[in-house]
Amino acid sequence: MSNQSLPNDAPSWLRQMDRVLDAIAALCRGITGTSLVFLTVIFGWLVFGRYVLNATPTWVEQAALLLVMVIAFLGAAVGIHENTHLSVTLLRTSSPPRFKTLLIVLTDLILAGFGGLMLWYGAQLTMFKWGSMIPLIHLPEGLRSLPLTIGGGLVMLFSLGHLIRLWVGVDTRKDSFD
Amino acid sequence: ENWRGWNIHVDGYPNTVAMDKFAELLAEKTGGEITLQMFHGGTLGSQPDAIEQVRLGGLEVGNFNLGPIGPIAPEANVVSLPFIFKDVPHMFRVLNGEGGEMISAGMEAKGLIPLAWYDAGARSFYNGGKPINTPADVAGMKVRVMNNDLYSGMIAELGGNPSPMAFAEVYQALKTGVVDGAENNWPSYESTGHFEVAGYYSLSQHLIIPECLCINADSYNGLSDEMKAAVKEAAMESAELQHSLWAEREEASRAKVESGGVVTNEIADKAPFQAAMGPVYEGYLSSNPDLRPLVELIQATD
Amino acid sequence: MGLLVLLGLFALCVVIGVPVAFALGVSAIAAFWFEGLPLMIGFQRIISGINVFSLMAIPFFIFAGELMFHGGIAMRLVRFASAAVGAVRGGLGIVNVFSSMLFGGISGSAVADISALGSILVPVMKEKGYDADYAVNVTVTSSIAGIIIPPSHNMIIFAIAAGGGISISKLFLAGVVPGILMCVCLAVAAYLVAVKRGYKAEKFPGWTALALTFASAIPGLMTAVIIVGGVLSGVFTVTESGAFGAIYAFVVTLLVYRNITWANFKLAVGQAVRTTAMVMILIACAGAFAYMLTFYQVPAKTVTLLTGLTDNPILILLMINAALLILGMIMDMAALILICTPIFLPVANSLGIDPLQFGMILLVNLGLGLCTPPVGSCLFVGCAVGKLPMEQAVRTIWPFYAAIFVALMMITFIPAISMTLPNMLQ
Ligand code: NA
Ligand code: NA
């Protein structure tokens, strides 16, 4: 959820957009949460394999690194939607309203642009590396950059969502308006 | 032109000295037209990352081990087949002949040109419990290996338990017994301090993986013939220096760990180890059938 | 010029309120572009920043902490801890410091320490009425003990960077006294700040109450026993122990305390993922930022600049400390160890400083850097688990920096602190 709900007089297309973005964020939370649980379980399996079966599952280490990518980049995108990233808001909170809005627009534009670059160059990196295999798990090396690519697209999407809400004057982030 | 170079080794290491020498010779032989700024200690990224950076043209040169090039160029992976080389001189005879050309061609297709081959010695097993003389001694042993199917396959075929593990965790893991052993060459066995916690070094010499002084293919192919010759010459001379420094370093490391109480043993009969590698070779050849001639060429080289 | 782009854009982004992680990423990518480097490599650096196995401790310990919190283990630990040390002002702060000393003796990693102890102790301290910034400050700064008290991955990296002439066993021994010294200094600071802020001491509830709270906390305390015992006996590595901590916490809360419901579990997972992602994206983008700093040879140039100012041995030592502190503020540890050791070690040797002692000076300095803005993994994790804006944590952290600084000066100028134990080994 991008914080509180929309006011009652919000246009219906905006509600629609909100529902879609919320659904995407919820899907990401589901994926990252499952990844974390799975990550924990495969490490248990690793130790069990080494001690009890005397056969260490050699795929765990590389698989774990991939899962962490998923958690980090999808989770970071959700963090944009929910506004939970660490940032320094000193200037913003002490600025007059119009300047403050300018700062917020600038921030969202920078985030959207950076998300776009993540998407574009992440896709190139993914294609560049698709041909070689990650040792021990036999999956394409390109998978390593896929979470960054998708996460980048989502960062762009969620920041644009912020901007659109701000544009129609219904932004609900705590510090958007005074 | 100002080039940038990558090297994983620290100050004073043979490869570091040799790469600095390469930079010096490069400036000298090109009359200052090409300069090279070296970044040692792997500070611009891990080895697989740096290989990618050279391929993409972010860096021009790098000193790479052929092991991590294997997943990109299958031809280069052939040197990661356990026991494929009889000894280090044999490995160099192969690389300086037709075998070297085939490997180079495979790498060039992926945007990397090896200018010269560096020596990285031979890797052998070490552990904290007992000398290894036969495959039976490896059976049941948890051995840390690098991330490569061939290496983990090797340990598995010997009856051991291959345990991939981050390099930084190995010292502590050997000490507490999370793993029983690992494998490396003399200088690394010494500099990582692993000899302090795993005092039996058995000269299996199962992997003899060379290193290369590599250059980005576009950077090299864009040079005039004269410049190419100068670059190549500088690389060959730096390799010569590296080989002699490496030999000294191996001796020094061996002397140091042996005076530190390490028990070294030759393996009288390596045939049973080699015989156990059949499935590893078959697996490699079945996924790279066109590389059979290269493997046979190496085996036929004297 | 390129360096100006990197640092200037970073500062600008931070000031207008771009999340710090993205400010690092944006300025690094801009510098890549400015230098004509392929931008794909910039994003490769962001990925590689977290393609690091030892960082796996972060999600595991954070997850374990959330499970303990939502499953009721943490609450029982609070009752026990406040019964035991509540009679001392700032008692939980002091407990926090010494927990890090003990945990540092197992984990060897500051990030593991802050993820593990921070996830449990910060909520606990907040619940007992300590200010969030105090709780975060204590936890963040004491996590450096993980690096100084053996074992320590970073000491191994230092030994390798020094060219292999250093015995790792001796290096480990050299860290024991400096680590304890640092924790004592921090405990003193934790006490003084607690007194200054007027945190009230509770009445000692009596031995019976203490025993009862202890009994109910035993299954929770067993988490520590399992982690410690498992690592020391070689059943698993520290990273793996984090996963076991999480699995154990889940089993205990499910079967023993019966506090964990599906809703609670989802809450714990969700919170753990959120915190992990916040921290990991910061570390990822800091990787690209550090690449450009290395590219511009910032470490080497800083060193030349500062050490060129004087030839007085005491001042040179202070300059070395200053250079390391400054670099530590903007870059993370492992890369700096590799870059700075070959530059500084010969200088230190020429002043008669033993490599072991130099290692301690280096590690404490860079460790302090992990707790400072703008780039500090421990500060990142601390603020994330404490749900505290970074500027708020940093505003009141000074007494704790000062405590580490005092320890640092003693370690720099009194060789015996580092050398006595390793010399006894001979
Ligand atoms: Na602590
Ligand atoms: Na820092």
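Worth a mention:
- Of all the residues in the range C:1-55, those that are under 30 Å from residue A:97 (Cα atoms), open to solvent by 30 Å² or more (accessible area, probe 1.4 Å) and within 7 Å of chain A (Cβ to nearest Cβ) number 1.
- Taking (1) at pLDDT 80 or above; (2) away from ligand 2 (no atom under 16 Å from the Cβ) in turn, residue C:103 satisfies each apart from (1).
- Residues satisfying the stated conditions in the range B:15-38, i.e. surrounded by 23 or more Cβ atoms within 10 Å (Cβ to Cβ) and not small (Gly, Ala, Ser): B:15, B:19, B:22, B:26
- In a residue-by-residue description of the range C:93-101, the property of being more than 13 Å from ligand 1 (Cβ to nearest atom) and touching a residue at least 24 places away in the same chain (Cβ under 8 Å) applies to no position.
- Residue within the range A:81-102 that is of a type in the set (A, V, I, L, M, F, W, C), assigned to a helix (DSSP H, G or I), buried (at least 19 other Cβ atoms within 10 Å of the Cβ) and facing chain C (nearest Cβ under 9 Å) present: no
- Checking each residue in the range C:374-390 for being within 8 Å of ligand 2 (Cβ to nearest atom) and within 11 Å of chain A (Cβ to nearest Cβ) picks out C:374, C:379.
- Whenever a residue of the range C:182-203 is surrounded by fewer than 21 Cβ atoms within 10 Å (Cβ to Cβ), its partners that are among the aliphatic types (A, V, I, L, M), lying with C-beta atoms within less than 7 angstrom and at least six residues away or across chains, give the pairs C:188/C:403; C:191/C:94; C:201/C:87; C:201/C:88; C:202/C:87; C:203/C:87.
- Breaking point among (1) at pLDDT below 85; (2) under 30 Å from residue B:148 (Cβ atoms); (3) aliphatic (A, V, I, L, M), for residue A:86: (2)
- Within the range C:27-64, the set of residues being more than 30 Å from residue B:147 (Cβ to Cβ), of a type outside the set (A, V, I, L, M) and assigned to a helix (DSSP H, G or I) comprises C:27, C:33, C:34.
- Options B:129, B:111, B:97: the member that is touching a Ser or Thr at 6+ places or on another chain (Cβ under 8 Å) and in contact (Cβ under 8 Å) with a residue 40 or more places away in the chain: B:97
- Where a residue in the range A:53-74 is at the interface with another protein chain (Cβ under 8 Å from one of its Cβ atoms) and its partner, wherever it lies, is crowded, with 20+ Cβ neighbours inside 10 Å and among the small types (Gly, Ala, Ser), with Cβ under 7 Å and at least six apart: A:56/B:163; A:58/B:152; A:71/A:35; A:71/C:277; A:72/C:277; A:72/C:284; A:73/A:151; A:74/A:151
- Residues being crowded, with 20+ Cβ neighbours inside 10 Å, among the polar types (S, T, N, Q) and modelled with pLDDT under 90 are entirely absent from the range B:119-131.
- Cross-chain or 6+ apart pairs with Cβ under 8 Å, the range B:281-302 first and within 14 Å of residue B:91 (Cβ to Cβ), then of a type in the set (Asp, Glu) and surrounded by 15 or more Cβ atoms within 10 Å (Cβ to Cβ): B:294/B:75
- Residues located in the range B:43-58, provided they are within 7 Å of another protein chain (Cβ to nearest Cβ) and buried (at least 18 other Cβ atoms within 10 Å of the Cβ): B:43, B:44, B:45, B:49, B:52, B:53, B:56, B:58
- In the range C:327-344, the qualifying residues are those that are assigned to a helix (DSSP H, G or I) and open to solvent by 20 Å² or more (accessible area, probe 1.4 Å), and the one that is nearest to ligand 2 (Cβ to nearest atom) is C:329.
- Put simply, of C:369, C:352 the only residue that is away from ligand 1 (no atom under 16 Å from the Cβ) and under 18 Å from residue C:141 (Cβ atoms) is C:369.
- Qualifying residue in the range C:302-309 (condition: under 25 Å from the mean Cα position of the chain (by Cα), more than 14 Å from chain A (Cβ to nearest Cβ) and either open to solvent by 10 Å² or more (accessible area, probe 1.4 Å) or away from ligand 2 (no atom under 12 Å from the Cβ) (or both)): yes
- Test: residue A:36 is free of Cβ contacts under 8 Å to residues at least 60 places away in the same chain and within 7 Å of another protein chain (Cβ to nearest Cβ): yes
- Residue within the range B:146-158 that is surrounded by fewer than 24 Cβ atoms within 10 Å (Cβ to Cβ), more than 22 Å from residue B:280 (Cα to Cα) and within 14 Å of chain C (Cβ to nearest Cβ) present: no
- When residues of the range A:103-132 are limited to those that are among the β-branched types (Val, Ile, Thr) and crowded, with 19+ Cβ neighbours inside 10 Å, the one farthest from the other protein chains (Cβ to nearest Cβ): A:126
- Filtering the range B:195-249 to residues that are open to solvent by 10 Å² or more (accessible area, probe 1.4 Å), in a helix (DSSP H, G or I) and closer than 18 Å to residue B:9 by Cβ leaves B:240, B:241, B:243, B:244, B:245, B:247, B:248, B:249.
- Looking across the range B:12-68, the residues that are part of a strand (DSSP E or B) and farther than 18 Å from residue B:243 by Cβ come down to B:35, B:36, B:37, B:38, B:39, B:61, B:62.
- Total residues in the range B:59-71, condition within 14 Å of chain C (Cβ to nearest Cβ) and either touching a residue at least 24 places away in the same chain (Cβ under 8 Å) or at positive phi (or both): 3
The values are calculated or read from the model by the stated rules, or taken from the named source; none is laboratory data. Given the structure is predicted, the values throughout are model-derived calculations rather than measurements. All Cβ positions, glycine included, derive from the backbone under ideal geometry; neighbour counts span all protein chains shown. Heads up: the accessible areas ignore ligands, DNA and RNA and are worked out on the full protein's heavy atoms, side chains in. Shrake-Rupley method; radii C 1.70, N 1.55, O 1.52, S 1.80 Å.
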